[in-house]
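Here's the structure we're looking at; comments come further down.
Rule-based calculations on the coordinates, nothing more; no lab input. Please read these numbers as outputs of a predicted model, since none were measured by experiment. Here the Cβ positions follow ideal geometry from the backbone for every residue, glycine too, while neighbour counts run over all protein chains shown.
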């Protein structure tokens with residue numbers, strides 16, 4: 001199984017994608033994501049999760065794939081919020 005986490009910001013579109021062979025920790029609507037470590041110039045703000053979409057699909061059979069043929073993709077829609085003490089409470 002392959003796991004993908006794709007984060008889209010409502011004002012700027014696609015932001016970041018992560019891929020793993022292990023599941024990601026649960027993320028819920030309302031959670032804050034700290035994008036400062038992503039090294040992207042537009043990602044200095046915190047992001048608040050607006051909604052999530054799960055997509056489970058199968059890869060085409062193209063030989064040996066150590067991650068398996070099933071992909072669990074989580075698409076996260078988020079909004080930038082000011083990085084203040086109030087947003088972290």
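Points to keep in mind about this one:
- Approximate spin-label separation residue 77-residue 57, in nm, with each point projected 7 Å along Cα-to-Cβ: 1.9 nm
- Full extension of the segment from residue 69 to residue 29, taken as 0.36 nm per residue of separation minus the current Cα-Cα distance, would add 11.5 nm.
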